[in-house]
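In what follows, a single structure is set out as structure tokens and then discussed.
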Amino acid sequence: MEMDKGRVEVEDVVIRFGTRDSAVTALDRTNLVLEPGTFTALIGPSGCGKSTLMNAIAGFVQPAEGRITLDGAQIRGPSPDVGVIFQQYALFPWFTALGNIRFGLKQFGFSKREEIDRARAALDEVGLGPHAEKYPQQLSGGMKQRVAIARTFATGAKVLLMDEPFGALDAQTRIVMHELLLNVWRKHRATVLFVTHDVDEALLLADDVRVMSQAPGRLIRHYAMTQPRPRALSRSGSDLLEIREDILGLLRPTTEPLPEPAH
Ligand SMILES: Nc1ncnc2c1ncn2[C@@H]1O[C@H](COP(=O)(O)OP(=O)(O)OP(=O)(O)O)[C@@H](O)[C@H]1O
Ligand SMILES: [Mg+2]
């Protein structure tokens, strides 16, 4: 496997929605580099543009200004190199767990045998081997997200974008998913960008934690996390607790009154 792939560069990117008269700037002059194989967490207030940034890297949305590249090539649309996992489970209900992963592999022209073997290996990797023939409605939320993770890694995506992927899961399941994600990420060495509302989740998982400001979003703070994993926030005197306080302070809503709506 090539180790130097999966570098994402976001350069002076501005994203607007709407027409010229009623345009909303969702993302303002944003610069971000995701080094190959690193795990970056993105945190910020609701509506600040986190999903917009993800959608732009995924190629679903085009910037009005600036550019986004993957290994030097401009991203102009969705590609199998960039996998996306959303909070809402995005599995096809009419395919089994195995079928969902096979579908993701269709574009690569594997033989039927190889396609099945790869899909099964990916399911085994996330601990779902025994559930290969189940349909999404027969799987728990955590299991569905495991299928989604398996699908992304089965296709060999270099970049994995996760938009609050565990937001709908209970606390216990989240802990299991964190461990699983870190294991799979280490093995495949994909570049991960992980959006979350949960400061603790960001601190436990990421190499880099990026904080965004209120809308229109800009990246305002960067923490390089060097603490070895598995990390624990409960340890008193841990510098993780200091960073957590710092981030919570940045995210605390300002007490200024909202401006009057224009008429
Ligand atoms: N397709 C769209 N059309 C118009 N406006 C949009 C569109 N997508 C996002 N926006 C606007 O862009 C801004 C940023 O939205 P975005 O969904 O990126 O925020 P977010 O940080 O992901 O919020 P949350 O934490 O609630 O998920 C918001 O003002 C939103 O209303
Ligand atoms: Mg969002």
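Spacing of the modelled spin labels on Phe92 and Gln107, each 7 Å from Cα toward Cβ, amounts to 1.4 nm. Between Glu35 and Ala64, the modelled label-to-label distance comes to 3.4 nm, taking each label 7 Å out from Cα in the direction of the beta carbon. Taking all protein chains into account, the per residue accessible area for the stretch 90-154 stands at 48 Å² (1.4 Å probe).
To the nearest 10, the accessible area of His197 is 100 Å² with a 1.4 Å probe.
Among Val24, Val211, Val14, which one shows the biggest mean-square fluctuation in a GNM of the chain, springs joining Cα atoms closer than 10 Å? Looking only at Val24, Val211, Val14, the largest GNM fluctuation is found for Val24. Only DSSP H runs of four or more residues enter the estimate; each adds -39500 (n - 2.57), and after division by the residues of the chain the mean residue ellipticity at 222 nm equals -10000 deg cm²/dmol.
Each of Ala206, Leu98, Ala148 was scored by the projection of its Cα onto the charge dipole of the chain, and the greatest displacement toward the positive side belongs to Leu98; charges sit on the C-beta of Lys, Arg, Asp and Glu.
Ligands, DNA and RNA excluded, the heavy atoms of Leu250 present near 60 Å² of accessible surface to a 1.4 Å solvent probe.
Reducing the stretch 1-55 and the stretch 123-156 to their Cα centroids gives an inter-centroid distance of 28 Å.
By how many nm would the segment from Val176 to Ser238 lengthen if fully extended, with 0.36 nm per residue of separation less the alpha-carbon distance? Between Val176 and Ser238, full extension yields an extra 20.1 nm. For the residues Ala168, Ala157, Ala26, a GNM of the chain with alpha-carbon springs under 10 Å puts the largest fluctuation on Ala168.
Of the accessible area of the chain, computed with a 1.4 Å probe over protein heavy atoms only, carbon and sulfur atoms account for 52 percent.
The loop-placed trypsin sites (Lys or Arg not before Pro) in the stretch 11-110, going by DSSP, that have at most 12 neighbouring Cβ atoms within 10 Å of their Cβ come out as Arg76. Sequence-distant contacts, meaning Cα pairs under 8 Å at least 6 residues apart, place the relative contact order of the stretch 90-154 at 48 percent. For the residues Glu125, Glu164, Glu242, a GNM of the chain with alpha-carbon springs under 10 Å puts the largest fluctuation on Glu242. Taking the DSSP bridge list for the chain and keeping only pairs wholly inside it, about 50 percent are antiparallel.
The values are calculated or read from the model by the stated rules, or taken from the named source; none is laboratory data. Keep in mind that what you see is a predicted model, and the values were worked out from it rather than measured. For neighbour counting, all protein chains shown are included, and Cβ atoms are generated from backbone atoms with ideal geometry for every residue, glycine included. Accessible surface areas use protein heavy atoms only, side chains included; no ligands, DNA or RNA. Shrake-Rupley method; radii C 1.70, N 1.55, O 1.52, S 1.80 Å.
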